[in-house]
Amino acid sequence: MSFFRKFAEILVDSPFIKEKFDEIIEFLLSSKTFVIVERLLQRVKGSSKNRAPKKQKGGGQKMKKEEYFIRQMGENLDALMNIDPTCIGINRLCYPGVRDYAGGPTAMHFAQELSKVLKPEDVVLILCGFVLRNHQRTEMDGFTGALLTARALVEGFDVKPVIVIPQESQQALKNCAAVVGLNYYDSLDLVLERPFAMTGVVIPKDAKAAEECADKILAFNPRALISMETASPNEKGVYHMAYGWDVTKIEAKMDVLFNKVKERAIPTFSIGDCGNELGMGAIKNYIQEHVPGAGEGGCICECKGGAAAATAADHIIIAKTADWGCYAMIAALAYLKKNMKIMHDANLQADLMKAAAYHGMLTTNGSLTPAIDGFSVKFNATLIDLMRQCVEIGVTSEDAMWIDKFTKTGFFTE
């Protein structure tokens, strides 16, 4: 590239080149090998000097400065939550579909829409608890994210979290609430009266019992529902692990509550990592096309309906692990509200993972080693550090001296 650029710069000042410029371009275009030279010659001749800055938004409108920075921070957080050390890439297969659905960086969009909904004293339902078939106990991914989300929303919005769980997670939830600084009460009435408080409700595995439970939960008048790594049925009503195993009998019927919430036009938000989770049906066709085992006939059970979720949330995130999507969303909330108390630190991340494992939360292979989808405490803590630093630097750099100069380039408006 540097050779061609220098070559073009030398030749463009030649009288012969100036006289025969159009003929030279036509000749170069006849050979695809030299298309790059044609582009460089055009740039050196001066066509690029008068080119308007690339517009950043649809409809021919430039972004305002605030919008520009929000978008760039969103890009950072999406990149971090989608880092894939295993190189399997299911999250990256799904990401374009989620991004199209959101209309931009997904974690930031999720956080913006959630921020529009919440106000102090609102009851927020947070669903979590995917039961693994190896020990028929719940995995850590989603559980830790739910508690950290509860903490973040209390810090940022003074809401009243109700974490909805399968029976297998109940004791761990009670024991781990204190780790994130929240007081656990069995009564929602006490939660409504007291600061830094939360409660939990168990959803049964039986669909009829789940209906009755859901009606009781709806009596809380929730303002929003957020689902973290929660099992969803496919179009045939069968729940699957990501690899296609039928786990219908062992999963709590969270979709019953989810669907009742949708019927009441309460905003729904969902985070997952493979497309078989509650809410991911928002991009079901995309998931069926791109994720192995998700489409018709892709599962390894008798239903042959595939693992893709049938339930569709209003706003979704798919990340390498659901919890990483949760971290990115929390970081985005901290950025939007310019409040770093919303974002937990690496020490709290480590403490919670260790406590969750001690109280029975599994990693994907069934081990009680503190890990989220196989990723260690150290890895998760490091990721939290990176996200926190991105937000901290992003908030302070908005006032940096060079920003005024950058504004003049026309990429965004004041």
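Just so you know, all these numbers are worked out from the coordinates, no wet-lab data involved. From a predicted model like this one, the values you see are computed outputs, not experimental measurements. All Cβ positions, even for glycine, are placed from backbone atoms using ideal geometry, and neighbour counts span all protein chains on display.
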> In nm, to one decimal, how far is the modelled label at Asp215 from the one at Arg99, with both set 7 Å along Cα→Cβ?
Replying inline: 4.6 nm
> In terms of modelled amide H atoms, which long-range or inter-chain residues lie less than 5 Å from the amide H of Ser227?
Replying inline: Leu127, Phe269, Ser270, Ile271
> Do any GluC sites (Glu not before Pro) in the range 229-291 lie in a DSSP loop with no more than 16 other beta carbon atoms within 10 Å, and if so, which?
Replying inline: Glu235
> Over what distance in Å are the Cα centres of the range 223-293 and the range 341-380 separated?
Replying inline: 23 Å
> Taking the range 143-187 on its own, what percent of its Cα-Cα pair distances exceed 17 Å?
Replying inline: 23 percent
> In whole angstrom, how long is each semi-axis of the equivalent ellipsoid of the range 74-397, when you take the square root of 5 times every eigenvalue of its Cα gyration tensor and sort them from largest down?
Replying inline: 26, 23, 19
> What does the charge add up to near Ala252, with Lys and Arg as +1, Asp and Glu as -1, over the other residues with Cβ less than 9 Å from its Cβ?
Replying inline: 0
> Over all distinct Cα pairs, what is the inverse of the mean 1/r for the range 167-251, reported as the Kirkwood hydrodynamic radius in Å?
Replying inline: 15.0 Å
> With a Cα-only, solvent-free Debye model of the range 270-348, what are the log10 I(q)/I(0) values at q = 0.15, 0.19, 0.24 Å⁻¹?
Replying inline: -0.59, -0.78, -1.02
> In the P(r) worked out for the range 49-201, what percent of Cα pairs fall beyond 29 Å?
Replying inline: 35 percent
> By its C-alpha gyration tensor, with a ≥ b ≥ c as the square roots of the eigenvalues, how is the range 198-342 shaped: rounded for a/c under 1.5, else prolate for a/b larger than b/c, else oblate?
Replying inline: oblate
